[in-house]
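**Q** Please read through the structure below; I'll follow up with questions.
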Amino acid sequence: MAGLLIKELMIRGDLDRCLIVAPGGLVEQWQDELFEKFGVKFEILTRQMIDAELNGNVFTAHPLLIARMDVLSRDEDLQRQLERSDWDLIVVDEARRMSAHYFGQEKKTTKRYELGLALGRIC
(Lines give C-alpha, C1' and ligand atoms only; values in the text may rest on other atoms or scores of the structure.)
Protein backbone atom coordinates (compact mmCIF):
# COMPACT_ATOMS: atom_id res chain seq x y z
CA MET A 1 0.00 0.00 0.00
CA ALA A 2 2.79 2.42 0.83
CA GLY A 3 4.41 1.75 -2.54
CA LEU A 4 1.17 2.54 -4.34
CA LEU A 5 0.83 5.80 -2.43
CA ILE A 6 4.44 6.78 -3.08
CA LYS A 7 4.18 6.08 -6.80
CA GLU A 8 0.84 7.92 -7.14
CA LEU A 9 2.15 10.99 -5.30
CA MET A 10 5.24 11.00 -7.54
CA ILE A 11 3.11 10.79 -10.69
CA ARG A 12 1.01 13.73 -9.49
CA GLY A 13 4.16 15.74 -8.71
CA ASP A 14 3.32 15.92 -5.01
CA LEU A 15 6.28 13.88 -3.76
CA ASP A 16 9.94 14.64 -4.33
CA ARG A 17 11.38 13.65 -0.95
CA CYS A 18 10.42 10.47 0.87
CA LEU A 19 11.96 8.79 3.90
CA ILE A 20 11.13 5.25 4.90
CA VAL A 21 12.05 4.17 8.43
CA ALA A 22 12.01 0.43 8.96
CA PRO A 23 13.47 -2.23 11.25
CA GLY A 24 16.95 -3.24 10.12
CA GLY A 25 15.95 -6.61 8.73
CA LEU A 26 13.39 -5.07 6.37
CA VAL A 27 15.28 -2.23 4.67
CA GLU A 28 16.58 -4.33 1.77
CA GLN A 29 13.11 -5.78 1.25
CA TRP A 30 11.67 -2.26 1.07
CA GLN A 31 14.32 -1.24 -1.45
CA ASP A 32 13.83 -4.33 -3.62
CA GLU A 33 10.03 -4.20 -3.67
CA LEU A 34 9.81 -0.47 -4.37
CA PHE A 35 12.10 -0.92 -7.36
CA GLU A 36 10.69 -4.21 -8.67
CA LYS A 37 7.00 -3.37 -8.27
CA PHE A 38 6.95 0.39 -8.81
CA GLY A 39 10.22 1.27 -10.57
CA VAL A 40 11.21 3.67 -7.79
CA LYS A 41 14.86 3.57 -6.69
CA PHE A 42 15.46 4.31 -3.01
CA GLU A 43 18.89 4.37 -1.39
CA ILE A 44 19.59 2.72 1.94
CA LEU A 45 21.24 4.95 4.54
CA THR A 46 24.68 3.51 5.33
CA ARG A 47 27.59 4.58 7.49
CA GLN A 48 29.68 5.08 4.32
CA MET A 49 27.01 7.38 2.91
CA ILE A 50 26.94 9.40 6.14
CA ASP A 51 30.74 9.70 6.31
CA ALA A 52 31.03 10.69 2.64
CA GLU A 53 28.50 13.53 2.82
CA LEU A 54 30.32 16.78 2.17
CA ASN A 55 27.59 19.26 3.10
CA GLY A 56 27.21 17.77 6.57
CA ASN A 57 23.62 16.59 6.19
CA VAL A 58 23.09 13.23 4.55
CA PHE A 59 19.31 13.67 4.56
CA THR A 60 19.26 16.79 2.38
CA ALA A 61 21.43 15.11 -0.26
CA HIS A 62 19.32 11.98 -0.72
CA PRO A 63 15.66 12.58 -1.59
CA LEU A 64 14.54 8.92 -1.63
CA LEU A 65 15.97 7.20 1.40
CA ILE A 66 15.38 4.13 3.55
CA ALA A 67 16.83 4.20 7.07
CA ARG A 68 17.07 1.65 9.84
CA MET A 69 14.91 2.59 12.80
CA ASP A 70 17.51 1.74 15.44
CA VAL A 71 20.32 3.56 13.63
CA LEU A 72 18.26 6.75 13.64
CA SER A 73 17.02 6.34 17.20
CA ARG A 74 20.47 5.77 18.67
CA ASP A 75 22.53 8.38 16.81
CA GLU A 76 22.04 11.92 18.13
CA ASP A 77 24.07 13.48 15.33
CA LEU A 78 21.82 11.84 12.73
CA GLN A 79 18.78 13.05 14.65
CA ARG A 80 20.07 16.64 14.52
CA GLN A 81 20.63 16.29 10.77
CA LEU A 82 17.16 14.78 10.39
CA GLU A 83 15.61 17.74 12.20
CA ARG A 84 17.23 20.06 9.65
CA SER A 85 15.72 18.19 6.71
CA ASP A 86 12.34 18.39 5.04
CA TRP A 87 10.24 15.51 3.70
CA ASP A 88 7.04 15.28 1.67
CA LEU A 89 6.29 11.86 3.14
CA ILE A 90 7.74 9.70 5.91
CA VAL A 91 6.66 6.07 6.12
CA VAL A 92 7.37 4.13 9.31
CA ASP A 93 7.19 0.36 9.05
CA GLU A 94 6.26 -1.37 12.31
CA ALA A 95 5.59 1.92 14.08
CA ARG A 96 4.32 -0.06 17.06
CA ARG A 97 7.99 -0.47 18.00
CA MET A 98 8.03 3.25 18.77
CA SER A 99 5.64 2.97 21.69
CA ALA A 100 6.08 4.30 25.20
CA HIS A 101 4.79 2.56 28.29
CA TYR A 102 3.56 3.53 31.73
CA PHE A 103 5.08 2.48 35.02
CA GLY A 104 2.44 3.50 37.52
CA GLN A 105 1.56 7.11 36.66
CA GLU A 106 4.91 7.80 34.99
CA LYS A 107 5.30 7.56 31.23
CA LYS A 108 8.53 5.86 30.20
CA THR A 109 9.68 6.76 26.72
CA THR A 110 12.23 5.01 24.57
CA LYS A 111 14.67 6.30 21.98
CA ARG A 112 12.41 4.88 19.30
CA TYR A 113 9.45 6.78 20.79
CA GLU A 114 11.45 10.02 20.74
CA LEU A 115 12.38 9.33 17.11
CA GLY A 116 8.70 8.99 16.28
CA LEU A 117 7.97 12.36 17.84
CA ALA A 118 10.83 13.95 15.88
CA LEU A 119 9.59 12.44 12.60
CA GLY A 120 6.15 13.87 13.29
CA ARG A 121 7.61 17.35 13.75
CA ILE A 122 9.55 17.39 10.46
CA CYS A 123 6.92 16.03 8.09
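**Q** For the range 1-59, what class follows from the C-alpha gyration tensor (a ≥ b ≥ c being the square roots of its eigenvalues): rounded when a/c is under 1.5, otherwise prolate if a/b is larger than b/c, else oblate?
**A** Details: a/c = 2.52, a/b = 1.44, b/c = 1.75.
Oblate, because a/c is 1.5 or more while a/b does not exceed b/c.
**Q** Is the range 59-123 rounded, prolate or oblate when judged by the Cα gyration tensor, a ≥ b ≥ c being the square roots of its eigenvalues, rounded requiring a/c under 1.5 and prolate requiring a/b larger than b/c?
**A** Note, shape of the range 59-123 comes out prolate.
**Q** For the chain, which span is the longest to avoid every loop-located (per DSSP) member of GluC sites (Glu not before Pro) having at most 16 other Cβ atoms inside 10 Å? Don't skip to the answer; put the middle values down first.
**A** Details: sites that count: Glu53, Glu94.
My reading of the result: 1-52 is the longest stretch.
**Q** Quick check on the range 36-88: take the gyration tensor over C-alpha atoms, sort the square-rooted eigenvalues as a ≥ b ≥ c, and tell me if it's rounded (a/c under 1.5), prolate or oblate.
**A** Taking the square roots of the gyration eigenvalues as a ≥ b ≥ c, the range 36-88 is prolate.
**Q** Roughly how many whole Å is it from the C-alpha centroid of the range 46-123 to that of the range 2-34?
**A** If you average the Cα positions of each part, the centres end up 16 Å apart.
**Q** Follow-up. Once you place label points 7 Å from the Cα toward the Cβ at Gln48 and Ser99, how far apart are they in nm?
**A** 3.8
**Q** Can you tell me, using C-alpha contacts under 8 Å and at least 6 residues apart, the relative contact order of the chain as a whole percent?
**A** Relative CO of the chain lands at 29 percent.
**Q** Give me the Debye-computed log₁₀ of I(q)/I(0) at q = 0.14, 0.15, 0.20, 0.22 Å⁻¹ for the chain, equal point scatterers on Cα only, no solvent, two decimals.
**A** Here the Debye-derived log intensity ratios amount to -0.60, -0.69, -1.16, -1.36.
**Q** Which value, in Å², gives the accessible area per residue of the chain when a 1.4 Å probe is used on the protein heavy atoms?
**A** Spelled out: the 1.4 Å probe surface of the chain, per residue, equals 60 Å².
**Q** Shifting gears a bit: Give the lysines whose C-alpha is closer than 16 Å to that of Lys7, dropping any in the same chain fewer than 8 places away, or say none.
**A** Lys37, Lys41
**Q** Shifting gears a bit: Percent of accessible area on the chain owned by carbon and sulfur, 1.4 Å probe?
**A** Exposed carbon and sulfur together represent 51 percent of the surface.
**Q** Separation between the Ala2 and Thr109 pseudo-spin-labels, each 7 Å from Cα along Cα→Cβ, expressed in nm?
**A** Those two pseudo-labels are separated by 2.2 nm.
**Q** For Leu64, list long-range residues whose amide hydrogen, built 1.01 Å from N in the peptide plane, is under 5 Å from its own amide hydrogen.
**A** HN-HN under 5 Å from Leu64: Cys18, Glu43.
**Q** Now a separate question. When the helix-only estimate is applied to the chain (DSSP H runs of n ≥ 4, each -39,500 (n - 2.57), divided by the residue count), what is the mean residue ellipticity at 222 nm, nearest 500 deg cm²/dmol?
**A** -13000 deg cm²/dmol
**Q** What are the ³J(HN,Hα) values, in whole Hz, obtained from phi via the Karplus relation 6.51 cos²θ - 1.76 cosθ + 1.60 with θ = phi - 60°, for each residue of the range 77-87 in sequence order, with x given for Gly and Pro?
**A** Karplus values, whole Hz, x for Gly and Pro: 5, 5, 5, 5, 4, 4, 5, 9, 10, 9, 10.
**Q** Multiply the residue gap between Leu9 and Asp77 by 0.36 nm, knock off their C-alpha separation, and tell me the result in nm, one decimal place.
**A** Working: separation 68, 0.36 × 68 = 24.48 nm, distance 3.02 nm.
That works out to 21.5 nm of additional length.
The values are calculated or read from the model by the stated rules, or taken from the named source; none is laboratory data. In this text the structure is predicted, and so the values were computed from the model without any measurement. Note that each Cβ is placed from the backbone with ideal geometry, even for glycine, and that neighbours are counted across all protein chains shown. The protein model used for the area step is the full one, side chains on, heavy atoms only, and it has no ligands, DNA or RNA in it. Shrake-Rupley method; radii C 1.70, N 1.55, O 1.52, S 1.80 Å.
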